[in-house]
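Rule-based calculations on the coordinates, nothing more; no lab input. Predicted model only: the values in this text are computed from it and were never measured. Every residue, glycine as well, gets a Cβ built from its backbone with ideal geometry; the counts of neighbours run over all protein chains shown.
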Amino acid sequence: MNTLLNGITPLPHLGILRASGEEAAKFLQSQLTNDFVLLGATRARLAAFCSAQGRMQASFIGVKPAVDDVLLICSKDLLERTLKRLSMFVLRAKVKLSDATASFALFGLAGDAVRGLVGPDAISAAQVPWACQSVGDARLIHLHPAVDGTDRAPRALWLAPAGTPAPAAASLRHEDWLWGEVLSGVATVSAPTFEAFVPQMLNYESLDGINFKKGCYPGQEVVARSQFRGAIKRRAVLVHSPVPLGAGQDIFDAAEPEHACGVVAQAAAAPVNHQGKFQGGFDAIVVLQTAHANAGLQTADGAVLTHRPLPYALRDDI
């Protein structure tokens, strides 16, 4: 039994943006980094919404519950701002955008809570990241697992119409779900990191968050140029800290403490004495200048950070 993370928790830090209408997928195709025209019922999409300069203004996990309906899960603190900006581009498109957060129940499932829904024999096949299953009236969206050494906890989002009873499972602390998000290595853009990164800085090309063959979208030229001209000089890495870290916080090379070489994209408290491995502290996804990839890292106050391995490989060829 894997005890890294187990259970179910509501996810109040996330919101849901809805695009409905016969041109919903076509509209999102013109605005986001991933392909939504080809999105079917059995897949989800990781995607970014960028400025004209290629800077991420939001990130989404998108699903298509019906032919003319797309749901985009994002950081709740950016939902209103993102809805307003996306609405500026609707023009004559046959699509309606709305905040649908209150219309749905959204839970995070980890470990045995995921296994209990798909069954032990199906977990390996089902838990391909971004696979999407129907479970009654709900959608089960499989995410990248939380990885701690040799321990891997499957994770999924459970999305259903408001009022649908949540699956029966042990309770998981919301703080531990946030820790699992960090251990997956997949960062979500939030208010403190608005326009801080181009998608490749968060490794989105290696996480199936960018489609380089689709049509244009805001920032597409910058994103493509960064990829194909070798201009990616920052990458997301994982670190452990003995002191609290927060999104937007600067990180420094211990040999050059006067200049920041990275910034925290997402951070969460690590459980105290978890399986005897941690004495608390924080784990974080840090966007780091590649020139400092092997450097000793520290906070502005001199707290020493420890490198952790990424739980997935970066792709050389896209």
Farthest toward positive dipole pole in segment 104-173 [+1 Lys/Arg, -1 Asp/Glu at C-beta], among Ala160, Pro145, Phe104: Phe104
Potential lengthening between Phe212 and Thr306 on full extension [0.36 nm per residue; Cα-Cα distance subtracted]: 30.5 nm
The chain - charge dipole about Cα centre, Lys and Arg +1 at Cβ, Asp and Glu -1, debye rounded to 20: 840
Potential extension, Thr42-Leu314 segment - 0.36 nm per residue separation minus Cα distance: 95.4 nm
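Longer than 21 Å from Cα to Cα, which of Lys76/Lys96; Lys64/Lys96; Lys26/Lys94; Lys26/Lys84; Lys76/Lys214; Lys84/Lys233 are they? Say none if no pair is. Don't skip to the end; give the middle numbers.
Details: Lys76/Lys96 19 Å; Lys64/Lys96 15 Å; Lys26/Lys94 9 Å; Lys26/Lys84 19 Å; Lys76/Lys214 27 Å; Lys84/Lys233 31 Å.
Beyond 21 Å between Cα atoms: Lys76/Lys214; Lys84/Lys233.
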Cut-off of 10 Å, at most 14 other beta carbons, DSSP loop: longest stretch of the chain lacking such chymotrypsin sites (Phe, Trp or Tyr not before Pro): 90-211
The chain, helix-only ellipticity at 222 nm - DSSP H runs n ≥ 4, -39,500 (n - 2.57), divided by all residues, nearest 500: -4000 deg cm²/dmol
Hull volume in cubic angstrom per residue (convex hull over the Cα atoms of segment 233-310): 81
FRET efficiency, 1/(1 + (r/R0)^6) with R0 51 Å, evaluated for Asp99 and Ala254 via beta carbons: 0.70
